[in-house]
1. Residues that are within 29 Å of residue 62 (Cβ to Cβ), among the polar types (S, T, N, Q) and open to solvent by 40 Å² or more (accessible area, probe 1.4 Å): does region 161-179 have at least one?
2. Any chance region 146-156 includes a residue that's at pLDDT 95 or above, open to solvent by less than 40 Å² (accessible area, probe 1.4 Å) and within 14 Å of residue 203 (Cα to Cα)?
3. Just wondering, is there one or more residues in region 120-129 that are open to solvent by 20 Å² or more (accessible area, probe 1.4 Å), of a type outside the set (Phe, Trp, Tyr), under 14 Å from residue 34 (Cβ atoms) and not in a strand (DSSP E or B)?
4. Which pairs do you get when a residue that is touching a residue at least 60 places away in the same chain (Cβ under 8 Å), found in region 146-169, comes within reach of a residue that is outside any strand (DSSP E or B) and of a type in the set (Phe, Trp, Tyr), reach meaning Cβ atoms under 8 angstrom, with the pair 6+ apart or on two chains?
5. Cβ-Cβ under 7 Å, sequence separation 6+ or interchain: first residue in region 187-204 and part of a strand (DSSP E or B), partner charged (D, E, K, R) and surrounded by fewer than 18 Cβ atoms within 10 Å (Cβ to Cβ). Which pairs?
6. What number of residues within region 89-102 satisfy the criterion of being surrounded by fewer than 21 Cβ atoms within 10 Å (Cβ to Cβ), in contact with a Ser or Thr (Cβ under 7 Å, 6 or more places away or on another chain) and not aromatic (Phe, Trp, Tyr)?
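The values are calculated or read from the model by the stated rules, or taken from the named source; none is laboratory data. In this text, all values refer to a predicted model and were calculated from it rather than measured experimentally. Ideal geometry is used to build each Cβ from the backbone, glycine not excepted, and the neighbour counts take in all protein chains shown. Just so you know, the surface numbers come from the protein's heavy atoms only, side chains and all, with ligands and any DNA or RNA stripped out. Shrake-Rupley method; radii C 1.70, N 1.55, O 1.52, S 1.80 Å.
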Amino acid sequence: MRAIRPLAVAALSCGALLGAAIPASATPATAAGAGREVHTAVDSGLYSGPGLSTPRIGTVWAGDNFAAICRVNDNNGKRLLLGIERPGRNGVQWANTAGYVWDDDVIGDTADLPSCDGYGRRVTPNKDTAMYAGPGLSTGQIGTAWAGDDVAGVCKINDNNGKRLVLGIERPGRNGVQWANTVGYVWDLDIRESTGDLPDCGTA
């Protein structure tokens, strides 16, 4: 299997996709937080990595607040947006599920969003640690941030028990195991550096 920069083309077993959903009110309320509100014209897939060959880990529903953070092209030159699906759906998907959505499904121009390449501040897992689709251990595990890897810390958020997680992009991935630039939430206690200066992800 060949790697195509910035992607390591590989498949990741979906496993348990999504846990029980929680309402947005179940996480501590903050300011609007990371990203810029955009909307999709149709219900659109939310993917763990920047390409349709990565596992679909959720949905961005038409009209919902999707907080678009940055943009990236797949290996066919098609633009995707990394962001956070704010409201979720009770019983279906957690609020603030993070992933990539196809730009073609988004209403309006997103060319002014920053590139995901180089976005965020490097944080380093101190051990192999799970990445989650949403801000809590009850959400689906969608990947791994390996000890010592370059993980781009995007923002921080507390779960409903007040424990901090960091939304991160696992840069290198693993050929045959996980795509490069897989995004998910990582437990702050498994990160070597202090993350207090990361921006807040927000919840609404």
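1. Looking for residues that are within 29 Å of residue 62 (Cβ to Cβ), among the polar types (S, T, N, Q) and open to solvent by 40 Å² or more (accessible area, probe 1.4 Å), one finds none in region 161-179, hence no.
2. Within region 146-156, one or more residues are at pLDDT 95 or above, open to solvent by less than 40 Å² (accessible area, probe 1.4 Å) and within 14 Å of residue 203 (Cα to Cα).
3. yes
4. 154/119; 169/119
5. none
6. Qualifying residue count, region 89-102: 0.
Table: residues versus (1) of a type in the set (A, V, I, L, M); (2) touching an Asp or Glu at 6+ places or on another chain (Cβ under 6 Å).
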site: 129; (1), (2): no, yes
site: 136; (1), (2): no, yes
site: 140; (1), (2): no, no
site: 143; (1), (2): no, no
site: 151; (1), (2): yes, yes
site: 159; (1), (2): no, no
site: 163; (1), (2): no, no
